[in-house]
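Have a look at the structure below before the remarks.
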Amino acid sequence: MLKVSEITAGYGRTVILQDISLRVGRGEVVTIIGSNGAGKTTLLRAISGLVKPTAGSIEFDGQRIDRLPPDEIVGAGLIMVPEARQLFPVMSVRDNVLMGGYHPKVRTGMAQRFDEVLDIFPRVRERLDQMAGSLSGGEQQMVAIARGLMAKPKLLMLDEPSLGLAPIIVQQMFDVIDRICKSGTTVLLVEQKAFHALKIADRAYVIENGQIALENTGIGLLSDPHIKTAYLGI
Ligand code: ATP
């Protein structure tokens, strides 16, 4: 479904990603782990069209997307939930969630979709009239994912959804992501919380210094000696 082939990308003259290749099959949950500054967010930005690769190609659903503007990539069904949620804090939870459904390609059936999405997030439903900025970190993350689901993603990319959340909330967050995956949405998950993220992954990649250092099944990486010491603290 998604095929990233040998891309190089960065900011100005600074090269961050070098020769990165990865693939995500339909229905798969693929995780990317890596430490701070490894280039995980830059990779998601490159796939979303926010950073233009200087070499290589990106295909989605059989179509080359690396030269398309971000709104056309969204229209193709590739949706990113950004790191640190990026909600509109002085708008209601309702409006923040609905904002995800405004692309012309997904606008029809918005009310029904809104209801279906809220079924996944009962806590969000309870708080629809509250300002988004007044929610807890975990609740805000749920709103950000709900907004992403409103866009009918064929592939949902989640950038560090557990960032800044208390351990008990992190577990709830991964339970929700697991449910979204099991309902048939293809997911590309970027995380530093390697244990949880690998547990729910069909396959996973490790990014180190802007390059793919390892690739395996989620379970395979959980038992890999390098991953155990470098990412799991075992
Ligand atoms: P983290 O887990 O800390 O978010 P990451 O793996 O997502 O890290 P990136 O955010 O992709 O890493 O950053 C990779 C490198 O790119 C870092 O060295 C960062 O300083 C640099 N970088 C990120 N955004 C920009 C930018 N807009 N301009 C210049 N350099 C940037």
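The values are calculated or read from the model by the stated rules, or taken from the named source; none is laboratory data. Quantities reported herein were computed from a predicted structural model and do not represent experimental measurements. Note that each Cβ is placed from the backbone with ideal geometry, even for glycine, and that neighbours are counted across all protein chains shown.
What number of residues in the stretch 121-130 are part of a helix (DSSP H, G or I) and in contact with a helix residue (DSSP H, G or I) (Cβ under 7 Å, 6 or more places away or on another chain)?
First, the residues of the stretch 121-130 that are part of a helix (DSSP H, G or I): 122-126.
From what is left, the residues that are in contact with a helix residue (DSSP H, G or I) (Cβ under 7 Å, 6 or more places away or on another chain) are 123-125.
Summing the residues that are part of a helix (DSSP H, G or I) and in contact with a helix residue (DSSP H, G or I) (Cβ under 7 Å, 6 or more places away or on another chain) in the stretch 121-130 gives 3.
With the checklist (1) over 30 Å from residue 71 (Cβ atoms); (2) more than 13 Å from the ligand (Cβ to nearest atom) in hand, flag the one item residue 206 doesn't pass.
Of the numbered conditions (1) over 30 Å from residue 71 (Cβ atoms); (2) more than 13 Å from the ligand (Cβ to nearest atom), the odd one out for residue 206 is (2).
What pairs come out if I take residues in the stretch 15-34 that are at positive phi and pair them with residues that are more than 10 Å from the ligand (Cβ to nearest atom) and assigned to a strand (DSSP E or B) whose C-beta lies under 6 Å away, six or more apart or interchain?
Pairs that qualify, where the first residue is at positive phi and the partner is more than 10 Å from the ligand (Cβ to nearest atom) and assigned to a strand (DSSP E or B), are 19/6; 27/186.
In the stretch 38-80, which residues are within 17 Å of the chain's Cα centre (by Cα) and at positive phi?
39, 49, 77
Of all residues being in a loop (DSSP other than H, G, I, E, B) and among the polar types (S, T, N, Q) in the stretch 50-102, which is modelled with the highest pLDDT? Just the residue, please.
Out of the qualifying residues, it is 54.
Within the stretch 25-62, can you find the residues that are more than 10 Å from the ligand (Cβ to nearest atom), closer than 16 Å to residue 194 by Cβ and hydrophobic (A, V, I, L, M, F, W, C)?
As a first pass, look at the stretch 25-62 and keep what is more than 10 Å from the ligand (Cβ to nearest atom): 25-31, 47-49, 52-62.
Subset that is closer than 16 Å to residue 194 by Cβ: 29-31.
Residues satisfying the conditions are 29, 30.
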